[in-house]
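The values are calculated or read from the model by the stated rules, or taken from the named source; none is laboratory data. Please read these numbers as outputs of a predicted model, since none were measured by experiment. Positions of Cβ are backbone-derived with ideal geometry, glycine not excepted, and every protein chain shown enters the neighbour counts. Just so you know, the surface numbers come from the protein's heavy atoms only, side chains and all, with ligands and any DNA or RNA stripped out. Shrake-Rupley method; radii C 1.70, N 1.55, O 1.52, S 1.80 Å.
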Amino acid sequence: MSGTNGTSGTYLGMPAFPAAAHDAVRNTTLRANLRHATHTIRDKRARAVAELDDWAQLREAGKQIKDHTLRHLEHYLVQLEESVTAAGGTVHWAVDADEANRIVTRLVRETGETEVVKVKSMATQETGLNEHLEAAGIHAYETDLAELIVQLGEDRPSHILVPAIHRNRGEIRDIFDREMGRWGRPAPDGLTDTPAELAEAARLHLREKFLRAKVGVSGANFMVAETGTLVVVESEGNGRMCLTLPETLISVVGIEKIVPTWRDLEVFLQTLPRSSTAERMNPYTSMWTGTRDGDGPRAFHLVLLDNGRTDTLADEVGRQALRCIRCSACLNVCPVYERAGGHAYGSVYPGPIGAILSPQLRGTGSAVDASLPYASSLCGACYEVCPVAIDIPEVLVHLRERVVQGGEATRRGARVTLKPAKGHAAERAAMRAARWAFTHPAALATGQRLAARTRRFHPRTLPGPGRAWTATRDLPAIPAESFRDWWQRTDGGKDTGK
């Protein structure tokens with residue numbers, strides 16, 4: 001699998017979004033796979049959501065619960081630690097990816113084991129845990145079917161819910177046939193690309209991992225502060241195996257995944273399944289609270305990961321990204337994601353949510369992160385389907401301003417002044433000119449009249465960098481009269497009889 005920067009989670013050597021997307025849209029197989037998968041998922045989701053008359057109220061409740069929790073995060077995190085400890089678990093705090101990886105590696109080494117099984121965890125993908133463990137001589141085996149496909153193919157995830165969405169059945173069969181033997185039990189002879197046979201091959205391959213592994217590593221969809229309970233929802237049963245069979249369980253979870261009470265959890269167990277897999281309830285909803293004699297792991301460790309989340313919380317506009325419950329609904333409706341695919345985002349968090357989350361967790365210093373706020377048409381479809389009402393277009397515009405203008409931000413707990421990103425001088429000049437024009441009404445009116453009188457001479461395409469914009473769009477025609485002049489001439493439309 002391609003390496004990552006252990007601190008930021010950026011894929012090494014990844015180009016900025018425009019360059020990556022330029023190559024991706026020319027891959028006809030990729031586009032066909034994405035179009036089929038995203039359209040199928042979003043159509044099913046729409047039907048599942050339509051079944052609930054109170055969906056809008058649930059959406060608002062989820063938003064309010066998340067906002068309340070984020071405002072009082074320090075209180076609920078302390079309560080969570082006390083609850084987990086009282087239930088027999090141990091809590092570790094990780095300020096960044098490197099610290100989280102060191103903690104997990106140390107905990108695995110203390111068991112004397114050299115293998116771990118994992119239930120899908122985006123937090124460990126964010127930190128690059130698998131690569132860190134491999135460097136320490138510890139092999140991590142992904143057990144989610146899609147994650148297994150990605151791992152066997154030495155690939156990268158391209159979707160939050162369906163990491164191997166960019167692969168079709170034929171490609172998956174070839175990966176299984178070629179690679180399974182190197183990782184453990186080989187694929188059956190004569191394997192075809194029928195879903196049942198592929199699933200059975202994965203089941204047989206993983207069974208020996210589950211029965212042998214003494215250490216499990218998980219993430220969590222939610223953490224309940226009042227009881228110290230962690231929750232994982234999934235559809236295959238691999239999570240249940242990872243959470244019950246190993247003797248030691250290590251869960252790495254972002255600090256924003258916390259909810260105050262069991263009653264709060266009830267809201268999200270309605271909205272998450274319908275928004276992600278279009279199910280009324282996930283087939284497997286696993287919950288565990290500390291340790292219990294004779295039932296499940298004998299040792300439980302919770303690693304609470306910050307890695308830029310506290311910095312994001314300090315941003316009054318951008319902090320709403322921390323409401324995200326990783327349902328992936330925004331990816332499935334996004335026209336940009338559908339054409340470019342997840343790899344173009346250079347992050348484990350692709351699509352619209354990745355375009356606002358990654359630049360906040362990692363900063364906008366790299367070319368990849370500075371380009372992500374522009375990986376959107378601002379159509380607003382992502383906001384419409386978000387089950388916790390994250391206004392992604394608002395945050396995108398906010399981050400674009402940060403990229404172009406620089407300004408105050410919080411990095412590693414300290415207020416800093418960011419410099420404008422390179423390559424945006426023309427945009428910065430245009431915005432300053434627009435600001436000046438809008439604060440000088442007489443100059444604006446004169447410019448509008450001049451533009452109207454010379455409209456017949458205007459080109460159909462823009463020169464220089466503007467060529468990229470007009471290559472796929474018509475340049476809007478200048479009207480013969482500005483709205484301001486029409487309003488004055490007609491007394492607000494009264495003289496026209498309207």
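Look at R185 and say whether it is touching a helix residue (DSSP H, G or I) at 6+ places or on another chain (Cβ under 8 Å) and within 24 Å of L34 (Cα to Cα).
no
Kindly evaluate R263 against the criterion of being out of contact with any Ser or Thr (no Cβ under 9 Å at 6 or more places or on another chain) and open to solvent by 10 Å² or more (accessible area, probe 1.4 Å).
yes
Could you tell me whether R415 is farther than 21 Å from H159 by Cβ, modelled with pLDDT under 95, touching a strand residue (DSSP E or B) at 6+ places or on another chain (Cβ under 7 Å) and among the charged types (D, E, K, R)?
Against the criterion (farther than 21 Å from H159 by Cβ, modelled with pLDDT under 95, touching a strand residue (DSSP E or B) at 6+ places or on another chain (Cβ under 7 Å) and among the charged types (D, E, K, R)), R415 qualifies.
Could you list all residues from the stretch 325-335 that are assigned to a loop (DSSP other than H, G, I, E, B) and of a type outside the set (K, R)?
I325, C327, S328, C334
Considering only residues of the stretch 162-190 that are of a type in the set (D, E, K, R) and either touching a residue at least 40 places away in the same chain (Cβ under 8 Å) or closer than 22 Å to L129 by Cα (or both), which is surrounded by the most Cβ atoms within 10 Å (Cβ to Cβ)?
R167
Does the stretch 237-247 contain at least one residue that is part of a loop (DSSP other than H, G, I, E, B), farther than 28 Å from H132 by Cα and either among the aliphatic types (A, V, I, L, M) or touching a Pro at 6+ places or on another chain (Cβ under 8 Å) (or both)?
No, that holds for no residue.
Out of the stretch 269-295, which residues are open to solvent by 40 Å² or more (accessible area, probe 1.4 Å) and basic (K, R)?
Correct list: R280, R292.
Which of the residues belonging to the stretch 336-363 are closer than 14 Å to S158 by Cα, of a type in the set (A, V, I, L, M, F, W, C) and in a helix (DSSP H, G or I)?
Across the stretch 336-363, the qualifying residues are V336, A340, A344, I353, A355.
Quick check on my filter: what residues within the stretch 191-207 are open to solvent by 60 Å² or more (accessible area, probe 1.4 Å) and within 30 Å of R106 (Cβ to Cβ)?
R207
Check the stretch 276-298 and report whether any residue there is under 25 Å from V108 (Cα atoms) and in contact with a Lys or Arg (Cβ under 9 Å, 6 or more places away or on another chain).
Scanning the stretch 276-298, I find at least one residue that is under 25 Å from V108 (Cα atoms) and in contact with a Lys or Arg (Cβ under 9 Å, 6 or more places away or on another chain), so the answer is yes.
Which of (1) without any contact (Cβ under 8 Å) to a residue 12 or more places away in the chain; (2) open to solvent by 70 Å² or more (accessible area, probe 1.4 Å) does A433 not meet, given it meets every other one?
For A433, the exception is condition (2).
Could you tell me how many of the residues in the stretch 208-235 are at pLDDT below 95, surrounded by fewer than 21 Cβ atoms within 10 Å (Cβ to Cβ) and out of contact with any Ser or Thr (no Cβ under 8 Å at 6 or more places or on another chain)?
Number satisfying all stated conditions: 3.
Quick one: count up the residues across the stretch 438-475 that are farther than 24 Å from H424 by Cβ, hydroxyl-bearing (S, T, Y) and either assigned to a helix (DSSP H, G or I) or touching a His at 6+ places or on another chain (Cβ under 8 Å) (or both).
1
Among the residues of the stretch 373-391, is there at least one that is within 28 Å of A24 (Cα to Cα), within 13 Å of the chain's Cα centre (by Cα) and either of a type in the set (V, I, T) or not in a helix (DSSP H, G or I) (or both)?
yes
Tell me which residues, restricted to the stretch 105-121, are open to solvent by 30 Å² or more (accessible area, probe 1.4 Å), closer than 26 Å to L361 by Cβ and touching a residue at least 12 places away in the same chain (Cβ under 8 Å).
Within the stretch 105-121, just K120 meets the criteria.
When H398 is evaluated against the numbered criteria (1) of a type outside the set (V, I, T); (2) open to solvent by 20 Å² or more (accessible area, probe 1.4 Å); (3) at pLDDT below 95, which criterion, by number, is the only one it fails?
If we test H398 against (1) of a type outside the set (V, I, T); (2) open to solvent by 20 Å² or more (accessible area, probe 1.4 Å); (3) at pLDDT below 95, just (3) comes out false.
Can you spot a residue in the stretch 301-309 that is of a type in the set (V, I, T) and either in contact with a helix residue (DSSP H, G or I) (Cβ under 9 Å, 6 or more places away or on another chain) or crowded, with 23+ Cβ neighbours inside 10 Å (or both)?
Looking through the stretch 301-309, at least one residue is of a type in the set (V, I, T) and either in contact with a helix residue (DSSP H, G or I) (Cβ under 9 Å, 6 or more places away or on another chain) or crowded, with 23+ Cβ neighbours inside 10 Å (or both).
Would you mind listing the helices (runs of 4 or more DSSP H) fully within the stretch 8-104 where at least 3 residues are open to solvent by 40 Å² or more (accessible area, probe 1.4 Å) and touching a residue at least 40 places away in the same chain (Cβ under 8 Å)?
Qualifying helices (runs of 4 or more DSSP H): 28-50, 55-71, 73-86.
For the stretch 134-148, what are the residues that are part of a helix (DSSP H, G or I), open to solvent by 10 Å² or more (accessible area, probe 1.4 Å) and of a type outside the set (D, E, K, R)?
A135, L145, A146, listed by residue number.
Tell me whether the stretch 407-423 contains one or more residues that are surrounded by fewer than 17 Cβ atoms within 10 Å (Cβ to Cβ) and assigned to a helix (DSSP H, G or I).
No, that holds for no residue.
May I ask you to verify whether T194 is out of contact with any Cys (no Cβ under 7 Å at 6 or more places or on another chain), of a type in the set (V, I, T) and farther than 30 Å from A321 by Cβ?
The answer is yes for T194.
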